[in-house]
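Student: Starting off with a structure, shown below.
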Amino acid sequence: MVAVSSVVYVAEGIVPFPVPGGKWGFSNFLVLYLSAFSKFSDALLLAISKSLLGSILSGSIFTPGFFMGFFGSIAAALVQSVLAKTNLFGVFGLSLIGMVSNNIVQFFVGSLLIGSRAIYMLLPLVMILGTFSALANAYLASQTQKIIGDML
Amino acid sequence: MFDLAERRGKVFLSKNDVLLLLIVFVVTSTLYIWSVWVKNANTSYSKGIVVRVGGEEIFKIEEAGEWQIKNRDGKYLTTLHFDGEKVWVTESDCPDKICEKTGRAGPGGSIICVPNRMIIEFKKITDSDQGVDIETW
């Protein structure tokens, strides 16, 4: 899972995104899968591992962008895992909440690093675009559960 | 379709998900419209440019022209252009080139370079700039 997420992390860096510097965030679908169908510790481990390995492979380790993605991914794993226990939401709802928490934390870290709140002006558009990623990630996570479930 | 997910108590889409989607859509769309309005309502911005690195102001531009921006240590960061109305970047030392891809920014807009922790934005007009010395209310 770490390998798949890391490869997606690097590959999506070359996929065009309407906001400069932004990414679609498809590498988070396995973090969502583990949050929804496994334990928080698994989701957290994957969030940390894929951020580290993906950024090493793309040459962006320990850059400001790395820290934004790293903490965003951890926040998504935490919020998704906690809410998955409540059974209040389906996989799409968890994905949507993960996307929102990921982006809020990323922009918060970014604003601290840049020392300006101007970065928040991009947040609404990134979240609108992120809704499509949330749908795609929810579908991929459900399909992963189906495939792994069939194998067991 | 997602039978195994359902067996584990996880449906793909629940009523709460639809409600949540609606809330996210309304909130983000409203904030997006507001951000575009703020960007276009440029009355609170002057024609001067400010460059900040890590929150610290390192360069001010009042006139049209081309400038090479360096940080406090003298390291080259970016080449900036200002035509008196809009600001844009033509060259940068960072690998992402996000600042170059951002294009031309007008009053209310900004150019952000995350790798260099740099922000280029129009200077806001403060009360002192407007010559307001005292307010009676």
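Student: Can you spot a residue in the range B:61-73 that is at pLDDT 90 or above, of a type in the set (S, T, N, Q), surrounded by fewer than 16 Cβ atoms within 10 Å (Cβ to Cβ) and assigned by TED's automatic domain parsing to the domain that holds B:MET118?
Tutor: yes
Student: Select from the range A:9-29 the residues that are more than 17 Å from A:THR131 (Cα to Cα) and within 11 Å of the chain's Cα centre (by Cα) and list them in ascending order.
Tutor: Across the range A:9-29, the qualifying residue is only A:TYR9.
Student: Now for a different question. The conditions are (1) hydroxyl-bearing (Ser, Thr, Tyr); (2) more than 10 Å from every other protein chain (Cβ to nearest Cβ); (3) without any contact (Cβ under 8 Å) to a residue 60 or more places away in the chain, and A:SER35 fails exactly one of them. Which is it?
Tutor: Condition not satisfied by A:SER35: (3).
Student: Mind checking which residues of the range B:98-127 are surrounded by 17 or more Cβ atoms within 10 Å (Cβ to Cβ) and assigned to a loop (DSSP other than H, G, I, E, B)? Explain how you work it out, then say what you get.
Tutor: Kept after step one, since they are surrounded by 17 or more Cβ atoms within 10 Å (Cβ to Cβ), are these residues of the range B:98-127: B:98-100, B:102, B:105, B:107-123.
Selection gives B:PRO107, B:GLY108, B:GLY109, B:VAL114, B:PRO115, B:ASN116, B:ARG117.
Student: Within the group A:SER95, A:SER51, which residue is crowded, with 24+ Cβ neighbours inside 10 Å, in contact with a Leu (Cβ under 8 Å, 6 or more places away or on another chain), in contact (Cβ under 8 Å) with a residue 24 or more places away in the chain and part of a helix (DSSP H, G or I)? Working first, answer last.
Tutor: Values: A:SER51 fails: in contact with a Leu (Cβ under 8 Å, 6 or more places away or on another chain).
Sole residue among the options that is crowded, with 24+ Cβ neighbours inside 10 Å, in contact with a Leu (Cβ under 8 Å, 6 or more places away or on another chain), in contact (Cβ under 8 Å) with a residue 24 or more places away in the chain and part of a helix (DSSP H, G or I): A:SER95.
Student: I'd like the full set of residues that are of a type in the set (A, V, I, L, M) and in contact with a Gly (Cβ under 8 Å, 6 or more places away or on another chain), limited to the range A:85-99. Write out each step before concluding.
Tutor: Residues of the range A:85-99 that are of a type in the set (A, V, I, L, M), as a first pass: A:88, A:91, A:94, A:96-97, A:99.
Within the range A:85-99, A:MET99 is the sole residue that qualifies.
Student: Let me ask something additional. Could you count how many residues in the range A:133-142 are touching a residue at least 60 places away in the same chain (Cβ under 8 Å) and either more than 8 Å from every other protein chain (Cβ to nearest Cβ) or under 18 Å from A:THR63 (Cβ atoms) (or both)? Write out each step before concluding.
Tutor: In the first step, residues of the range A:133-142 are kept if they are touching a residue at least 60 places away in the same chain (Cβ under 8 Å); the result is A:133, A:136-138, A:140-141.
Adding the requirement that they be either more than 8 Å from every other protein chain (Cβ to nearest Cβ) or under 18 Å from A:THR63 (Cβ atoms) (or both) leaves A:133, A:136-137, A:140-141.
Total meeting the criteria: 5.
Student: Separate question: How many residues does the range A:101-120 contain that are without any contact (Cβ under 8 Å) to a residue 40 or more places away in the chain and either buried (at least 23 other Cβ atoms within 10 Å of the Cβ) or in contact with a strand residue (DSSP E or B) (Cβ under 7 Å, 6 or more places away or on another chain) (or both)? Reasoning before the result, please.
Tutor: Filtering the range A:101-120 for residues without any contact (Cβ under 8 Å) to a residue 40 or more places away in the chain gives A:101, A:103-108, A:111-112, A:115-120.
Okay, now just the ones that are also either buried (at least 23 other Cβ atoms within 10 Å of the Cβ) or in contact with a strand residue (DSSP E or B) (Cβ under 7 Å, 6 or more places away or on another chain) (or both), so A:103, A:106, A:115-116, A:118-119.
The qualifying residues number 6.
Student: Is it the case that some residue within the range A:55-67 is more than 7 Å from chain B (Cβ to nearest Cβ), outside any loop (DSSP other than H, G, I, E, B) and in contact (Cβ under 8 Å) with a residue 60 or more places away in the chain?
Tutor: No, every residue in the range A:55-67 fails to be more than 7 Å from chain B (Cβ to nearest Cβ), outside any loop (DSSP other than H, G, I, E, B) and in contact (Cβ under 8 Å) with a residue 60 or more places away in the chain.
The values are calculated or read from the model by the stated rules, or taken from the named source; none is laboratory data. It should be emphasised that the depicted structure is a prediction, and the values quoted were computed from it without experimental measurement. With ideal geometry, Cβ positions are generated from the backbone for all residues, glycine too; neighbour counts draw on all protein chains shown.
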